[in-house]
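S.K.: Can you read through this structure? Questions will come right after.
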Amino acid sequence: ESYTQALLDNLQASGIPPFHTLPVADARQAMIDLFGTPKHPMPVHHVEDRDIPGTAGPIPIRIYTPAGDGPFPVLVYFHGGGWVLGSLETHDPICRELTRAVGCVVVSVDYRLAPEHPFPIPLEDCYAAVCWVARHASDIHGDAQRIAVGGDSAGGNLAAAVALTARDRGVPSLAYQLLIYPVLDCAFDTNSYREYGDGYFLTKEMMAWFWQHYVERV
């Protein structure tokens, strides 16, 4: 049995309705219930929560540091969840995995979410976090010459958008992108939407729900 089929079976067994059929607050809680931090998280050398300055107030981040002296490369990570769901907690496991597997500092960013904060607010929060990391890399045992951006799904969209924003604004210099099934297009007439738009958890209908909250025009 494939991992994907097992995931779909577990989602069906959970009894949680599709996210797009719920009020936003309930959908956020459902994602925490499904993907929240396990009781026994993978150990990493050091984990620290802090707030950093943003364009409209503090942005919470979580810093994962591997064992060793450094300076380490830094991956600034943006969680998935359709720009509407997700948090530091839902993506704590993958950030721990990346810290251990890569041997880098991972900075997870708790950017503001749509629909309360639609585009471009999440992007600007993520870009501000990357700029902060570039300025303060040495303070978190990081190497300012080896900063990467990454994320899954909507977080992959944000990582790619941050890379383009950094290019257009001239700062900071980025070394790498890690894009995990990123959302790079809002077209719904593609072959993949026609073939896989239903029955695979992330449906065409759910994606339209996410996009409508994020850009308010789909």
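The values are calculated or read from the model by the stated rules, or taken from the named source; none is laboratory data. These figures come from a predicted structure and were not determined experimentally. Positions of Cβ are backbone-derived with ideal geometry, glycine not excepted, and every protein chain shown enters the neighbour counts. Heads up: the accessible areas ignore ligands, DNA and RNA and are worked out on the full protein's heavy atoms, side chains in. Shrake-Rupley method; radii C 1.70, N 1.55, O 1.52, S 1.80 Å.
S.K.: Give me a count of the residues in segment 70-86 that are crowded, with 21+ Cβ neighbours inside 10 Å and either free of Cβ contacts under 8 Å to residues at least 24 places away in the same chain or part of a loop (DSSP other than H, G, I, E, B) (or both).
M.R.: Residues meeting the conditions: 8.
S.K.: Further question: How many residues, within segment 166-184, are under 29 Å from A6 (Cβ atoms) and open to solvent by less than 70 Å² (accessible area, probe 1.4 Å)?
M.R.: The total comes to 5.
S.K.: Considering every residue within segment 10-23, establish whether at least one is in a helix (DSSP H, G or I), open to solvent by 40 Å² or more (accessible area, probe 1.4 Å) and at pLDDT 95 or above.
M.R.: For segment 10-23, residues in a helix (DSSP H, G or I), open to solvent by 40 Å² or more (accessible area, probe 1.4 Å) and at pLDDT 95 or above: present.
S.K.: Restricting to segment 185-218, count the residues that are assigned to a loop (DSSP other than H, G, I, E, B), surrounded by fewer than 16 Cβ atoms within 10 Å (Cβ to Cβ) and of a type in the set (G, A, S).
M.R.: So the count comes out to 2.
S.K.: Next question. Where in segment 88-184 are there helices (runs of 4 or more DSSP H), lying fully within it, with 2 or more residues that are of a type in the set (G, A, S) and in contact with a strand residue (DSSP E or B) (Cβ under 9 Å, 6 or more places away or on another chain)?
M.R.: Per the criteria, 121-136, 154-169.
S.K.: Further question: Pairs needed: first member in segment 31-44, closer than 22 Å to T65 by Cβ and of a type in the set (A, V, I, L, M); second member anywhere, open to solvent by less than 60 Å² (accessible area, probe 1.4 Å) and assigned to a helix (DSSP H, G or I); C-beta distance under 8 Å; at least 6 residues apart or different chains.
M.R.: Close Cβ pairs (under 8 Å, with a partner that is open to solvent by less than 60 Å² (accessible area, probe 1.4 Å) and assigned to a helix (DSSP H, G or I)) amount to M42/P93; M42/R96; V44/R96; V44/T99.
S.K.: Restricted to segment 101-155, and to residues that are under 16 Å from the mean Cα position of the chain (by Cα) and polar (S, T, N, Q), which residue is surrounded by the fewest Cβ atoms within 10 Å (Cβ to Cβ)?
M.R.: Per the criteria, the residue is S153.
S.K.: Conditions: (1) open to solvent by 10 Å² or more (accessible area, probe 1.4 Å); (2) touching a residue at least 24 places away in the same chain (Cβ under 8 Å); (3) assigned to a loop (DSSP other than H, G, I, E, B). A67 meets all but one. Number of the miss?
M.R.: Against the list (1) open to solvent by 10 Å² or more (accessible area, probe 1.4 Å); (2) touching a residue at least 24 places away in the same chain (Cβ under 8 Å); (3) assigned to a loop (DSSP other than H, G, I, E, B), A67 comes up short only on (2).
S.K.: Those residues that are surrounded by 17 or more Cβ atoms within 10 Å (Cβ to Cβ) and in a strand (DSSP E or B), I need them from segment 24-51; list them, please.
M.R.: The one that is surrounded by 17 or more Cβ atoms within 10 Å (Cβ to Cβ) and in a strand (DSSP E or B): V47.
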